[in-house]
Amino acid sequence: MSETSSRTRASLASIFSRISGLGASCSQSALMDPHFKGLRAYANWLLSNYEIMVGASQIKARPLKLTFDATNVCQLRCPLCPTGLQMQYRDIGHAHLHMFQHLIEEVGDYVFFLDFFSWGEPLLNPRIEEFIRLARAKKIVSIMSTNLSLPLTDDRIDRLVTSGLNHLIVSLDGASADTYATYRRKGKFDLVISNIRRISAAKRRLGQTFPVITWQFLVFRFNEHEIDKATAMAADIGADRITFRAPYLDEGRFELSAADKQAIASWTPQSPLYQIALLNEALAAKSKSRCGWHYMSAAINWDGTVASCDTTFEKRDDFGTIGKNGEHSYMGVVNNPTYRAVRDRFAGRRKEPVDSVCEHCPTPTIMDYHRFINRQVILFTIGSLLAAVSRLFRGWGGGGQRPWRRSSKFPKPSAAADYPS
Ligand SMILES: C[S@@+](CC[C@H](N)C(=O)[O-])C[C@H]1O[C@@H](n2cnc3c(N)ncnc32)[C@H](O)[C@@H]1O
Ligand code: SF4
């Protein structure tokens, strides 16, 4: 490809990504069902922004968003996932509820958002609904991504639907059994479809609008011809929305068999809308001097270890640990010597490299994480005010229980991720 045509394609991808990013922003507040958090959560938000602005080494602000991996066990074998590849990157297991309770007691009043997924299949933790309930009690907006390819009892489905989960993302990369199983190895297409139908039916039966169900379709070369078919199927099977996303196809990141390497090399979709390299190229124009993750977020693994962000999975890249039972404070970990050294390095105060995964990480050059979080907090606030007004009106009118009705319009395929994964 010539340099000019590559640049044109990158600019087009950038324009599409911006337009759909705007649309995604608007639909975000509808996904949240937020309840106003106390004023100290907002004071903490301001403090966090101040700390990132001055490049503070030691931080006082509590996190605004957390990723919590309730398990790193998975029954599927996706070939570009370290868990699917059964890499021995750390012991496998389920998080203790006790650890999560400590974490939420310490920082739950300040956290706005919680992702209940990272490197495993969250529904394999049999107590995941209890984790979500604890988050909900602190008015935290929660999201879960699941392969949903597992048997679920009616009781489990009811528990999930009534847990307070806001958004359920179902990883279903295909509109037929054959294409689906190309990436989601060991996944059962019919089972996933049937589970979506059952969750949707349970929502109706229980009078619940949430969790909003999003069918997430990673677009590969082998399934991109099914985009229209999936869009047509989505409403019928009970999904509230469908998103089409560019997959990572970096086969160099993992040790793969020669056959897998060859297969993956042929998976780049034809459409530039779903080519991660083009999207990243478009974003890389804006280079940032700090990483918002070091100030506003962290990823907690099932074993209580803390990673600087949700792109790392190896134990050697952890920054510290709150302990399997939450023995150590979160704020103690995020102010330990590793965290401070990395913040100093990003702020330009430290000349010598830090022995950390952040030293060569491309993420801060691709995305402005702290701006993303700020935008989410603003949407959360607008959404919570609107929801409060709507509850007030429903109280006066004695109306139904639904804070947000499902739109009859189904969204068009979108190139942009709703939020970074
Ligand atoms: C590692 S998975 C764990 C959660 C759950 N097991 C699932 O698959 O939804 C986290 C997210 O990464 C997504 N994912 C998996 N492989 C990917 C790839 N090659 N590129 C981009 N996202 C991917 C999944 O669809 C999911 O939304
Ligand atoms: S279903 Fe999710 S966790 Fe399991 S192998 Fe696939 S991407 Fe990894």
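Just so you know, all these numbers are worked out from the coordinates, no wet-lab data involved. Since this is a predicted model, take the numbers as computed values, not measurements. FYI the Cβ positions are ideal-geometry reconstructions off the backbone, even for glycines, and counts take in every protein chain you see.
Here are a few things to note about the model shown:
- Calculated log₁₀ intensity ratio I(q)/I(0) where the Debye formula runs over C-alpha points of region 35-76, q = 0.27, 0.29 Å⁻¹: -0.96, -1.04
- Cβ-placed point charges (K, R +1; D, E -1), dipole of region 206-273 about Cα centre in debye, nearest 20: 80 debye
- The phi-based Karplus calculation (6.51 cos²θ - 1.76 cosθ + 1.60; θ = phi - 60°) puts the 3J(HN,Hα) values of region 374-386 at 4, 4, 5, 5, 5, 5, 4, 5, 4, x, 5, 5, 4 Hz, whole numbers, x for Gly and Pro.
- Whole-number Å³ per residue for the convex hull built on Cα positions in region 300-372: 105 Å³
- Which of Leu273, Leu103, Leu76 has the fewest Cβ neighbours within 10 Å, and the rest in rising order: Leu76, Leu273, Leu103
- Extended-chain gain in nm, criterion 0.36 nm per residue less alpha-carbon gap, Ser390 and Leu46: 121.1 nm
- Candidate aspartates and glutamates for bridging to Lys65, where Cα separation is under 17 Å - those fewer than 8 sequence places away on the same chain excluded: Asp33, Glu51, Glu105, Glu106, Asp109, Asp115, Asp310, Asp368, Asp418
- At 1.306 mPa s and 10 °C, Stokes diffusion of region 130-230 via Kirkwood alpha-carbon radius, µm² per second: 111 µm²/s
- In terms of its Cα atoms, region 227-378 spans 51, 37, 35 Å along the principal axes, sorted from long to short.
- Gain upon complete extension [Asp228, Gln86; 0.36 nm per residue less C-alpha separation]: 47.8 nm
- Per-pair calculated FRET efficiency, R0 = 60 Å: Asp236 and Asp109 via Cβ, rounded to 0.05: 0.90
- The string of couplings for region 228-238 from the Karplus curve (6.51, -1.76, 1.60, θ = phi - 60°) is 5, 4, 5, 4, 6, 6, 3, 5, 5, 7, x Hz, one whole number per residue in order, with x for Gly and Pro.
- A full extension of the chain between Ala259 and Thr162 corresponds to an added length of 30.6 nm, given 0.36 nm per residue minus the alpha carbon distance.
- Projected label distance in nm at Ser266 and Glu130, using a 7 Å step from Cα toward the beta-carbon: 4.8 nm
- Taken about its Cα centre, region 118-202 carries a charge dipole of roughly 260 debye when the Cβ of each Lys and Arg holds +1 and the Cβ of each Asp and Glu holds -1.
- Considering only Ile52, Ala95, Asn72, the residue lying farthest towards the positive end of the dipole of region 38-107 is Ile52, judged by Cα position with unit charges set on Cβ.
- Once you divide the Cα radius of gyration of region 334-378 by 2.2 N^0.38 Å, the number left is 1.32.
- In sequence order, region 330-343 has phi-based couplings of 4, 5, x, 5, 6, 10, 6, x, 5, 4, 5, 4, 5, 5 Hz under the Karplus curve 6.51 cos²θ - 1.76 cosθ + 1.60, θ = phi - 60°, and Gly or Pro positions carry x.
- Per residue, the convex hull spanned by the Cα atoms of region 67-110 measures out at 93 cubic angstrom.
- Cα pair distances exceeding 20 angstrom across region 38-158, given as percent: 51 percent
- Interchain or long-range residues, amide H under 5 Å from His35's placed H: none
- Using the average count of surrounding beta-carbon atoms within 10 Å as a protection proxy, the listed peptides 382-392, 55-65 rank, highest first, as 55-65, 382-392.
- Pairs beyond 30 Å (Cα-Cα), from Lys188/Lys229; Lys138/Lys188; Lys139/Lys186; Lys203/Lys229; Lys186/Lys229; Lys203/Lys261: Lys138/Lys188; Lys139/Lys186; Lys203/Lys261
- Centre separation in Å (Cα based) which lies between region 153-203 and region 299-353: 33 Å
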